[in-house]
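Worksheet: the structure to be examined is printed underneath.
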Amino acid sequence: MILSAALAERQRTGRDLTDLATERIQAGLFAERAAFLDDNKWEPLRDALIAELERRGAWSDTARLFIEPQLRKRNTYVSWLWRVLASAAGTALAAEWLRKFPRIAAEPEQALIDHLLRDGNHDSRATLTEVAKRRRRQRLDERRRRNWKAVEFLLGTLAPARLPVAVAGDPSFLWVLRDRMGGRRHNGSAIEASPALLAAMVGTFAALWPWTDHPIGVVTGDTNAWDATDFLARCLNMLAANPSAEATAALATLVAVNHDYEQQVVRSIADQRRARADAEWQPRKVEALAKLITDGPPIDHADLQRVVLAELDVVQAKIRSSSEDVWRFFYADAAKRKPYREDQCSDALVTLLKQSDRPIAFDREKHLGDDREGDIWCTSGRLELAIECKRHWHADLWTAFDRQLAQQQAVDWRAEGHGIYIVYWFGEHDHLLTGPPRGSGIAKPNSPTELEAALGHCIREAGLSGIAAKVLDVSRHRP
């Protein structure tokens, strides 16, 4: 107390701290902290001491001297941790302490985790990923275990599809996820939950937390039923405001889920469609307007790709409902539902595509040089487009869009990186779908629509902006 009073008098009389030894300044700060002096009255002195230590580059060492003994003793309350984390050195120290103290108490560890989540930069993400992996090998108490489980879901090291297993009927895990995402402040984690995780949270917790309106009057606590509703509604709002294709696919997974949030899901889907349309809208060029008026040929590779995808939609409609039983074109034995090989399926597809009256030529197995061939090649004037085709059980189903289509076919100078990856879906009665790669975090698709969405996600993750996926449903159910 005497040292604190002497430093306060020095400040009152206008003398600075530059002539004092670093250890004296540290001692003064520790004395002020130990005495629990009135924060408002002593705040100017405290700020001056910290500023001088920061100027000398001694602040991090000072913080270690004060905080680490408390962490080592596994204190549940660590005095002044919030002030250290709020300083310029806070992020680096939080990462250091998570690594250094594996047996830390749950409360300060949670504060360190939340600080790195709020920071959200590459180093913070890497630290959380590394420490989460280490914590898996430890025997943690329930609070610490759930905190790190939530972190892994947010980081994406745990696939959203595993959330129902992690929850296992435990509604309270919702609060852990909510708090790691920023709690009720709505401005917490800078590492945002992925669209797939947001949808998984709604799909998992909606049945455990039915829609509950906020009561009128004064309420207490933040883990009430209406707080859960507020959080799940916020997840839907985040999806609705996200104009990405991933958000579109994520919302689509909630359509068939039976729960009290059905109206909110429908509204979110409509809002997200508008947001995506606004984000993707571009003013049309003169050439595009001319094409729109005259229904002329495609004006660039992306336009050619869109036109061919539209023609594939026409083919799909014929397969589903044509009086000519077009679906039989893809079977060697229609009665026994025995599919043709891929090359014969592609022959049938080209025959159907050539029925279009658009000025596009479709050719089979065009030679591209260096012993490379494309399954189907589209040409419209000077524009060309590669197409690679696979049946749904092909061993390379989840890699051919990159290793074959992107790297060997669409790379041709005439295609300029554009192509379409087609999968023939025959149903899983006789041939099971080749599942996604282990560790990809992708749930096994159960329908052509889900498979197309999953392949589209993989293509986007690979950065192949010129490649599109299309799954043709040529299946027929056994009578």
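Mean residue ellipticity at 222 nm, helices only, the chain: -15500 deg cm²/dmol; runs of at least 4 DSSP H residues each add -39,500 (n - 2.57), and the sum is divided by the number of residues. The mean sequence separation of alpha-carbon pairs under 8 Å and at least six residues apart, normalised by the residue count of the stretch 286-473, gives a relative contact order of 17 percent. Around the amide H of GLY374, modelled in the peptide plane, lie the amide H atoms of LYS366, LEU368, all under 5 Å away and 5 or more residues distant in sequence or on another chain. Rounded if a/c is under 1.5, else prolate if a/b is larger than b/c, else oblate: which is the stretch 286-473, with a ≥ b ≥ c the root eigenvalues of its Cα gyration tensor? It comes out oblate by the Cα gyration axes. Note on TRP413, TRP80, TRP97: ascending count of other Cβ atoms within 10 Å places them as TRP413, TRP80, TRP97, the fewest first. Per-residue Karplus couplings for the stretch 237-247, computed as 6.51 cos²θ - 1.76 cosθ + 1.60 with θ equal to phi - 60°, are listed in order as 5, 5, 5, 5, 8, 8, x, 7, 5, 4, 5 Hz, Gly and Pro entered as x. On the principal axes of its alpha-carbon atoms, the chain has extents of 98, 48, 45 Å, going from largest to smallest. For the stretch 78-90, 3J(HN,Hα) computed residue by residue from phi via the Karplus equation (6.51, -1.76, 1.60; θ = phi - 60°) reads 10, 4, 6, 4, 4, 5, 5, 5, 6, 7, 4, 8, x Hz, glycine and proline entered as x.
Around the amide H of VAL423, modelled in the peptide plane, lie the amide H atoms of LYS390, LYS470, VAL471, LEU472, all under 5 Å away and 5 or more residues distant in sequence or on another chain. Working from Cα pairs under 8 Å separated by at least six residues, relative contact order for the chain is 8 percent. Near the amide H of LYS444, within less than 5 Å, lie no amide hydrogens of residues on another chain or at least 5 residues away, with H placed in the peptide plane. The string of couplings for the stretch 205-219 from the Karplus curve (6.51, -1.76, 1.60, θ = phi - 60°) is 8, 4, 6, 7, 10, x, 4, 9, 6, 5, x, 7, x, 7, 10 Hz, one whole number per residue in order, with x for Gly and Pro. Computed over the stretch 401-453, relative contact order equals 20 percent, with contacts defined as Cα pairs under 8 Å that lie 6+ residues apart.
The order of the peptides 382-388, 50-56 by mean Cβ neighbours within 10 Å, most packed first, is 382-388, 50-56.
Each reported figure results from applying straightforward, stated rules to the coordinates on display, with no laboratory input. Remember, it's a predicted structure, so these values are computed and weren't measured experimentally. Backbone-built Cβ (ideal geometry, glycine too); neighbour counts: all protein chains shown.
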